[in-house]
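Enquirer: Submitted below is the structure of interest, expressed as C-alpha cells.
FYI, it's all coordinate maths here, none of it is from the lab. No experiment lies behind these values; they were computed from the predicted model shown. A quick note on method: Cβ atoms are made from the backbone with ideal geometry, for glycine too, and the neighbour counts reach across all protein chains shown.
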Amino acid sequence: MSLEENKAHVRRAFEELINRQNVAAADQFVAPDYVGHFSGAPEPVRGVEAFKQFIAMYSTAFPDSQVSFESVIAEGDRVVARLTYRGTHKGPLMNIPPTGKPIEVMATNIFRIVNGKAVEQWAITDDLGLMQQLGVIPAPG
Amino acid sequence: MSVEQNKQIVRRFVQEHLNTGKLAEGAQYFAPDFVEHAAPPGMPPGYEGVKVFFTMLRNAFPDFHYELDDTVAESDLVVQRTTGHGTMKGEFLGMPPTGKHAAWSEIHTARLKDGKIVEHWASVDQLGMLQQLGLAPMPGGR
C-alpha cells in the first residue's frame, strides 16, 4: 500500500463510519488485532467489536455528526488526520442525558496501517471543550 | 529544507527549549509571523504567547517535560505525539495547586517554511490531565 492509498483509506473510514454512520463497515478498515488509544477512554480499545461499540457510543450521542479534514499526512506506516467533528447532542453520552446542544470539537488521530487496515490508533479529542460545550464542566473565565 | 531537517528542528525545540525552560533562545526556530492556533485565551500573539504559556506551565509544574513518543512528517508538516509529565506545585490558569502528578497525551502539528515554524496546532488531553490532578470530574461522574 502506498502512502496515498493509506491516506485515502483513513479518509474513507471516517466518511463511512462517522459521516454515513455505517458502523458495520468497521471490519473493512480495522484489523482483528486493532488497538485504539483514545483520550476519554480509560483503557485501550482492543479488537473490531470493541471498536464498533466505542464509535456507536458517539454516534448514539451525536447521530448527525460530520467530520471535516483539516490536514491528512502520511509517512512510513503512519497516517495523521487532523479534523473537526460537528454534531448535535441528541442521545445519551455515558451518563450525560441529551442536551440538544450543537458541538464543534477538534481532534488529531494517528493510525498505523498494515496491509490496508488500521492496527493501532492514537486519538486525542478536545474532550474538555466538548464537556464545556455540553455545559457539564464550566467554561474557563 | 527536507522533511528530516524539519523533524530535527521541531525535535530540538522540544528537547532543548520546552524541556529545559530556555524559552527566549527557542525563538530562533520561529518565523516572525508565526501563528499559534493552540493558545489559551488571553495569550499574546506569536512566539511571545508560547513563551508566556510555557513560563506559566513550568512555574506551576517545575518538573514539567515532554517525552517524544512518535514523529510523522510529510511535505511542510511535522506531527509529534508526546506525553507531558508534571507535578502541580503552583497555581495554573487560576487553578489551585494540588501537589499531584499527571501524565497526559498530546499530538502537535507544526508547519515549517524555510526552516522556521510558521504555524502550530495541538490536540491535548486536557480533561485527562485535569482529572489526574483532581481538578475535573472523572468520566461518567457528574
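Enquirer: From the residues in region B:100-129 that are within 7 Å of chain A (Cβ to nearest Cβ) and in a helix (DSSP H, G or I), which one is surrounded by the fewest Cβ atoms within 10 Å (Cβ to Cβ)?
Expert: B:126
Enquirer: For region B:120-142, state whether one or more residues are in contact with an Asp or Glu (Cβ under 7 Å, 6 or more places away or on another chain) and farther than 23 Å from residue A:37 by Cβ.
Expert: So far as region B:120-142 goes, no, none of its residues is in contact with an Asp or Glu (Cβ under 7 Å, 6 or more places away or on another chain) and farther than 23 Å from residue A:37 by Cβ.
Enquirer: Any residue that is under 23 Å from residue A:111 (Cα atoms), facing chain A (nearest Cβ under 10 Å) and either among the polar types (S, T, N, Q) or under 14 Å from the mean Cα position of the chain (by Cα) (or both) - is there at least one of those in region B:40-57?
Expert: No, region B:40-57 contains no residue that is under 23 Å from residue A:111 (Cα atoms), facing chain A (nearest Cβ under 10 Å) and either among the polar types (S, T, N, Q) or under 14 Å from the mean Cα position of the chain (by Cα) (or both).
Conditions (1) of a type in the set (Ser, Thr, Tyr); (2) within 15 Å of residue B:13 (Cα to Cα), marked per residue:
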site	(1), (2)
B:63	no, no
B:66	yes, yes
B:83	yes, no
B:88	no, no
B:99	no, no
B:104	no, no
B:110	no, yes
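Enquirer: Please specify each residue of region B:37-53 satisfying the condition of being in contact with a Phe, Trp or Tyr (Cβ under 8 Å, 6 or more places away or on another chain) and buried (at least 16 other Cβ atoms within 10 Å of the Cβ). Break it down into steps so the answer makes sense when it comes.
Expert: Kept after step one, since they are in contact with a Phe, Trp or Tyr (Cβ under 8 Å, 6 or more places away or on another chain), are these residues of region B:37-53: B:37-40, B:43, B:46-47, B:50.
Answer for region B:37-53, where residues must be in contact with a Phe, Trp or Tyr (Cβ under 8 Å, 6 or more places away or on another chain) and buried (at least 16 other Cβ atoms within 10 Å of the Cβ): B:38, B:39, B:43, B:46, B:47, B:50.
Enquirer: Right, next: Give the residues of region A:104-120 that are away from every other protein chain (no Cβ under 11 Å), surrounded by fewer than 23 Cβ atoms within 10 Å (Cβ to Cβ) and either part of a strand (DSSP E or B) or of a type in the set (Asp, Glu) (or both), sorted by residue number. Break it down into steps so the answer makes sense when it comes.
Expert: Restricting attention to region A:104-120, the residues satisfying the condition of being away from every other protein chain (no Cβ under 11 Å) are A:104, A:113-119.
Next cut, surrounded by fewer than 23 Cβ atoms within 10 Å (Cβ to Cβ) only: A:104, A:114-117, A:119.
Of everything in region A:104-120, those that are away from every other protein chain (no Cβ under 11 Å), surrounded by fewer than 23 Cβ atoms within 10 Å (Cβ to Cβ) and either part of a strand (DSSP E or B) or of a type in the set (Asp, Glu) (or both) turn out to be A:104, A:114, A:117, A:119.
Enquirer: Mind checking which residues of region B:81-99 are surrounded by 13 or more Cβ atoms within 10 Å (Cβ to Cβ), within 13 Å of another protein chain (Cβ to nearest Cβ) and not β-branched (Val, Ile, Thr)?
Expert: Passing the criteria: B:81, B:84, B:92, B:93, B:95.
Enquirer: A follow-up question, please. Please work out which residue is surrounded by the fewest Cβ atoms within 10 Å (Cβ to Cβ), limiting yourself to region A:32-67 and to residues that are small (Gly, Ala, Ser) and either within 14 Å of chain B (Cβ to nearest Cβ) or part of a helix (DSSP H, G or I) (or both). Quick ask: steps written out before the conclusion?
Expert: The initial filter retains those residues of region A:32-67 that are small (Gly, Ala, Ser), namely A:36, A:39-41, A:47, A:50, A:56, A:59, A:61, A:65.
Checking which are either within 14 Å of chain B (Cβ to nearest Cβ) or part of a helix (DSSP H, G or I) (or both) leaves us with A:36, A:39-41, A:50, A:56, A:59, A:61.
Details: A:36: 21, A:39: 24, A:40: 20, A:41: 16, A:50: 16, A:56: 14, A:59: 17, A:61: 22.
Among those that are small (Gly, Ala, Ser) and either within 14 Å of chain B (Cβ to nearest Cβ) or part of a helix (DSSP H, G or I) (or both), it is A:56.
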